[in-house]
Structure formats: C-alpha cells, structure tokens
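The next block holds one structure in the form of structure tokens; read it before the comments.
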C-alpha cells in the first residue's frame with residue numbers, strides 16, 4: 001500500500017500528497033477494516049471520492065464499483081502466501097507457474113467482496129493445487145484479522161486508481177477537499 005498506492009500512484013503519477021490522500025480516504029479505509037467487505041464499503045468509498053478527494057462522479061461511479069468487484073489485490077496476496085504456507089506445512093513445493101496461477105488468476109478476480117470469501121477461495125485454490133483441505137483450520141484462526149487488512153488494501157487501491165484516472169482525465173479538483181487541506185465536513189459552515 002505504501003509503495004504502490006501512496007508512493008507511485010499518488011506521489012508520482014498524480015504528484016499529490018500521500019498524506020492528503022490518506023486523510024481523504026480514511027472513512028472508507030476504517031469502514032473496510034471494520035466490516036471486512038469491499039462491496040459493503042462501496043457507499044462510503046464513493047462518498048470519500050466525491051466529498052474528500054473531489055473526483056468527478058463520472059470517474060468514480062464507474063471505477064469504484066468495478067474495483068470492488070474485481071480488484072482483490074489483498075486477497076491475491078493472501079491466497080499466494082497461504083498456498084505457500086500450506087504447501088510448506090505438508091512438505092510439498094509449488095512451482096513458479098503454480099504460484100503465479102494462484103496470484104494472478106484464481107485469487108485476483110475470483111474472490112467475492114464479502115467477509116470470509118477469502119477462506120472459501122482458499123479451499124478452491126488448495127483443491128486446484130492438489131493440497132489437502134485439512135490445513136485450512138490453521139489459516140481460519142487468523143482469517144478474520146487478515147480479511148480486515150486486505151479489504152482495506154483493496155478499497156485503498158480502488159480509490160488510488162480512481163484518483164489517477166481522474167487526474168489523467170482532468171476530473172479531480174486538486175484545489176479543494178483534502179488536497180487543499182480542507183478537513184471540514186461538507187455542508188457545515190465554519191464559525
């Protein structure tokens with residue numbers, strides 16, 4: 001998240017402050033962390049894009065629902081790490097091709113944006129790789145914690161992509177919102 005989303009996408013591609021991006025994305029990130037659902041977080045993510053990051057609706061209304069559906073970077077990383085962990089646990093080794101298949105194909109697009117979907121997806125990945133399903137219990141104990149983290153990663157990535165696409169299309173108001181340090185709530189006048 002720090003290197004790709006904040007450093008490269010926000011810092012380099014948009015030439016904006018990663019701190020301002022984090023402030024503008026915080027509601028969506030906290031919501032994703034607490035409810036573990038990219039789809040459930042979508043209304044908050046869209047509100048952050050509109051109110052805080054000042055991305056035009058034409059950009060975020062397309063890219064954020066699409067991202068909530070297919071952008072599962074956190075889940076892809078989890079599936080890859082969990083598959084290697086399970087393989088090591090049972091004494092099997094995965095070829096580079098099998099590892100890439102797990103990350104690129106099975107996990108990235110195949111997981112649903114609801115809590116616990118990663119654990120179900122893991123059973124499919126392990127079956128595809130010919131690994132025993134009995135070891136899922138080892139992973140299930142920490143799944144709730146990890147699910148929160150990768151959901152937050154996915155939502156942050158969705159907002160970062162929407163910001164970059166908005167920048168490229170001249171559809172972000174970098175003079176307002178959190179980009180300009182405006183931390184007041186919309187519709188509330190300062191006294």
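Nothing in this text is a laboratory measurement; each read-out follows from the coordinates by a stated rule. From a predicted model like this one, the values you see are computed outputs, not experimental measurements. Reconstructed Cβ throughout: ideal geometry from the backbone, glycine too, with neighbour counts over all protein chains shown.
Can you tell me which of (1) in contact with a helix residue (DSSP H, G or I) (Cβ under 6 Å, 6 or more places away or on another chain); (2) in contact (Cβ under 8 Å) with a residue 24 or more places away in the chain is the one residue 37 doesn't meet?
Only one criterion in (1) in contact with a helix residue (DSSP H, G or I) (Cβ under 6 Å, 6 or more places away or on another chain); (2) in contact (Cβ under 8 Å) with a residue 24 or more places away in the chain is unmet by residue 37, namely (1).
Filter region 43-73 down to residues that are in contact with a helix residue (DSSP H, G or I) (Cβ under 6 Å, 6 or more places away or on another chain), assigned to a helix (DSSP H, G or I) and farther than 20 Å from residue 145 by Cα, then give me how many there are.
11
Please specify each residue of region 4-26 satisfying the condition of being without any contact (Cβ under 8 Å) to a residue 40 or more places away in the chain and over 14 Å from the mean Cα position of the chain (by Cα).
Matches in region 4-26: 7, 8, 11, 12, 15, 18, 19.
Can you name the residue in region 27-39 that is within 13 Å of the chain's Cα centre (by Cα) and farther than 21 Å from residue 176 by Cα and, of all such residues, is surrounded by the most Cβ atoms within 10 Å (Cβ to Cβ)?
Within region 27-39, the match that is surrounded by the most Cβ atoms within 10 Å (Cβ to Cβ) is 38.
For region 144-179, give me each residue that is buried (at least 20 other Cβ atoms within 10 Å of the Cβ) and outside any helix (DSSP H, G or I).
Residue satisfying the conditions is 172 alone.
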